[in-house]
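Below: the structure, in C-alpha coordinates.
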Amino acid sequence: MDPIVAAAGAAMVSAMATDGWQHARDAVVAWWRRHRPERAEDVGSELEALRGRVLTARREEDEDTEQALTGAWRLRLQQLLEGDPELAAELRRLLDEHLTPALPPEEQDRARTVVMRAEARDSARIYMAGRDQHITES
(Lines give C-alpha, C1' and ligand atoms only; values in the text may rest on other atoms or scores of the structure.)
Protein backbone atom coordinates (compact mmCIF):
# COMPACT_ATOMS: atom_id res chain seq x y z
CA MET A 1 0.00 0.00 0.00
CA ASP A 2 1.23 3.46 -0.85
CA PRO A 3 2.55 5.15 2.34
CA ILE A 4 0.57 8.31 1.51
CA VAL A 5 -2.63 6.26 1.38
CA ALA A 6 -1.86 4.62 4.72
CA ALA A 7 -1.16 7.97 6.38
CA ALA A 8 -4.16 9.73 4.80
CA GLY A 9 -6.60 6.97 5.71
CA ALA A 10 -5.44 6.94 9.32
CA ALA A 11 -5.42 10.73 9.59
CA MET A 12 -8.89 11.00 8.08
CA VAL A 13 -10.43 8.58 10.55
CA SER A 14 -8.55 10.10 13.50
CA ALA A 15 -9.58 13.62 12.46
CA MET A 16 -13.23 12.56 12.70
CA ALA A 17 -12.93 12.54 16.49
CA THR A 18 -11.64 16.13 16.65
CA ASP A 19 -13.14 19.59 16.80
CA GLY A 20 -11.45 20.35 13.46
CA TRP A 21 -13.36 17.63 11.67
CA GLN A 22 -15.77 19.89 9.79
CA HIS A 23 -12.93 21.75 8.09
CA ALA A 24 -11.11 18.49 7.32
CA ARG A 25 -14.34 16.92 6.01
CA ASP A 26 -14.98 19.88 3.72
CA ALA A 27 -11.43 19.57 2.34
CA VAL A 28 -11.86 15.82 1.73
CA VAL A 29 -15.19 16.34 -0.07
CA ALA A 30 -13.66 19.15 -2.17
CA TRP A 31 -10.78 16.82 -3.07
CA TRP A 32 -13.24 14.14 -4.17
CA ARG A 33 -15.27 16.74 -6.07
CA ARG A 34 -12.18 17.65 -8.13
CA HIS A 35 -11.36 14.03 -8.97
CA ARG A 36 -14.64 12.10 -8.85
CA PRO A 37 -17.38 14.75 -8.89
CA GLU A 38 -20.13 12.18 -9.31
CA ARG A 39 -19.16 10.61 -5.94
CA ALA A 40 -18.42 13.72 -3.87
CA GLU A 41 -21.83 14.13 -2.22
CA ASP A 42 -22.04 10.42 -1.41
CA VAL A 43 -18.57 10.57 0.12
CA GLY A 44 -19.63 13.54 2.25
CA SER A 45 -22.65 11.63 3.55
CA GLU A 46 -20.57 8.53 4.20
CA LEU A 47 -18.01 10.56 6.13
CA GLU A 48 -20.71 11.99 8.39
CA ALA A 49 -22.10 8.52 9.12
CA LEU A 50 -18.60 7.20 9.68
CA ARG A 51 -17.85 10.00 12.12
CA GLY A 52 -20.61 8.75 14.40
CA ARG A 53 -19.10 5.27 14.35
CA VAL A 54 -15.61 6.64 15.10
CA LEU A 55 -16.91 8.71 18.03
CA THR A 56 -18.72 5.68 19.42
CA ALA A 57 -15.61 3.50 18.98
CA ARG A 58 -13.47 6.06 20.80
CA ARG A 59 -15.99 6.44 23.61
CA GLU A 60 -16.15 2.66 24.04
CA GLU A 61 -12.38 2.27 23.58
CA ASP A 62 -13.06 -0.06 20.65
CA GLU A 63 -9.77 0.08 18.76
CA ASP A 64 -10.73 -2.83 16.49
CA THR A 65 -13.65 -0.93 14.99
CA GLU A 66 -11.57 2.18 14.49
CA GLN A 67 -8.83 0.14 12.80
CA ALA A 68 -11.39 -1.54 10.55
CA LEU A 69 -12.81 1.84 9.51
CA THR A 70 -9.29 3.12 8.85
CA GLY A 71 -8.58 0.06 6.72
CA ALA A 72 -11.73 0.59 4.69
CA TRP A 73 -10.75 4.17 3.87
CA ARG A 74 -7.18 3.19 3.10
CA LEU A 75 -8.48 0.64 0.62
CA ARG A 76 -10.81 3.16 -0.95
CA LEU A 77 -8.02 5.72 -1.35
CA GLN A 78 -5.65 3.07 -2.69
CA GLN A 79 -8.18 2.08 -5.35
CA LEU A 80 -8.58 5.71 -6.36
CA LEU A 81 -4.82 6.14 -6.72
CA GLU A 82 -4.49 2.90 -8.68
CA GLY A 83 -6.86 4.41 -11.23
CA ASP A 84 -4.87 7.65 -11.31
CA PRO A 85 -1.40 7.48 -9.69
CA GLU A 86 -0.84 11.20 -10.22
CA LEU A 87 -3.37 11.88 -7.45
CA ALA A 88 -0.75 10.88 -4.86
CA ALA A 89 0.74 14.39 -4.82
CA GLU A 90 -2.67 15.94 -4.23
CA LEU A 91 -3.48 13.39 -1.55
CA ARG A 92 -0.20 14.34 0.16
CA ARG A 93 -1.25 18.00 0.03
CA LEU A 94 -4.67 17.12 1.50
CA LEU A 95 -2.92 15.21 4.28
CA ASP A 96 -0.39 17.95 5.02
CA GLU A 97 -2.70 20.96 4.75
CA HIS A 98 -6.01 19.71 6.13
CA LEU A 99 -5.99 16.29 7.78
CA THR A 100 -2.80 16.40 9.87
CA PRO A 101 -3.49 19.91 11.25
CA ALA A 102 -6.91 18.71 12.43
CA LEU A 103 -5.29 16.09 14.67
CA PRO A 104 -4.19 16.64 18.26
CA PRO A 105 -0.41 17.23 18.52
CA GLU A 106 0.27 13.75 19.88
CA GLU A 107 -1.35 12.19 16.80
CA GLN A 108 0.23 14.50 14.22
CA ASP A 109 3.57 12.67 14.30
CA ARG A 110 1.87 9.37 13.50
CA ALA A 111 0.20 10.94 10.45
CA ARG A 112 3.51 11.75 8.83
CA THR A 113 5.00 9.07 6.67
CA VAL A 114 8.54 7.90 6.34
CA VAL A 115 9.54 6.00 3.24
CA MET A 116 12.82 4.15 3.42
CA ARG A 117 14.39 1.90 0.86
CA ALA A 118 17.58 -0.03 1.16
CA GLU A 119 19.43 -2.70 -0.70
CA ALA A 120 22.00 -4.94 0.87
CA ARG A 121 24.57 -6.99 -0.96
CA ASP A 122 26.99 -9.62 0.15
CA SER A 123 27.58 -9.29 3.90
CA ALA A 124 26.15 -5.79 4.27
CA ARG A 125 23.82 -4.88 7.10
CA ILE A 126 21.09 -2.31 6.98
CA TYR A 127 19.61 -0.63 10.03
CA MET A 128 16.59 1.57 9.41
CA ALA A 129 14.24 3.28 11.80
CA GLY A 130 11.48 5.84 11.59
CA ARG A 131 12.33 7.06 15.07
CA ASP A 132 14.74 5.98 17.77
CA GLN A 133 16.89 2.99 17.16
CA HIS A 134 19.09 1.15 19.63
CA ILE A 135 21.40 -1.57 18.41
CA THR A 136 23.46 -3.78 20.64
CA GLU A 137 25.82 -6.19 18.96
CA SER A 138 28.51 -8.39 20.39
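Principal axis lengths of the chain from Cα atoms, whole Å, largest first?
Over the chain, Cα extents along the principal axes are 57, 37, 23 Å.
Of 7, 35, 45, whose Cα points farthest to the positive end of the dipole of the chain (charges on the beta-carbon: +1 Lys, Arg; -1 Asp, Glu; origin at the Cα centre)?
Farthest towards the positive end: 35.
May I ask you to give the percent of accessible area on the chain that is carbon plus sulfur, with a probe radius of 1.4 Å?
The computed percentage sits at 45.
Assign unit charges at the C-beta atoms only (+1 for Lys and Arg, -1 for Asp and Glu), then state the dipole size of region 6-75 relative to its Cα centre in Debye, rounded to the nearest 20.
360
Testing the spin-label approximation: label points 7 Å from Cα along Cα→Cβ at residue 48 and residue 107. State their distance in nm.
Rounded to a tenth, the inter-label distance reads 2.1 nm.
If the chain between residue 58 and residue 18 were fully stretched, how many nm would it gain, using 0.36 nm times the residue separation less the Cα-Cα distance?
Details: separation 40, 0.36 × 40 = 14.40 nm, distance 1.10 nm.
Separation in residues times 0.36 nm, less the Cα-Cα distance, equals 13.3 nm.
GluC sites (Glu not before Pro) within region 49-81: which are DSSP loop residues with at most 15 other Cβ atoms inside 10 Å?
Hits after loop and neighbour filter: 60, 61.
Could you grab the relative contact order for the chain? Cα pairs under 8 Å, six or more apart, rounded to a whole percent. Mind dumping the intermediate values first?
On the way: 109 pairs, mean separation 55.0, N = 138.
RCO, the chain: 40 percent.
The values are calculated or read from the model by the stated rules, or taken from the named source; none is laboratory data. Quantities reported herein were computed from a predicted structural model and do not represent experimental measurements. Because the Cβ atoms are built from the backbone with ideal geometry, glycine has one as well, and the counts that use them run over all protein chains shown. Only protein heavy atoms, including side chains, enter the accessible area calculation; ligands, DNA and RNA are left aside. Shrake-Rupley method; radii C 1.70, N 1.55, O 1.52, S 1.80 Å.
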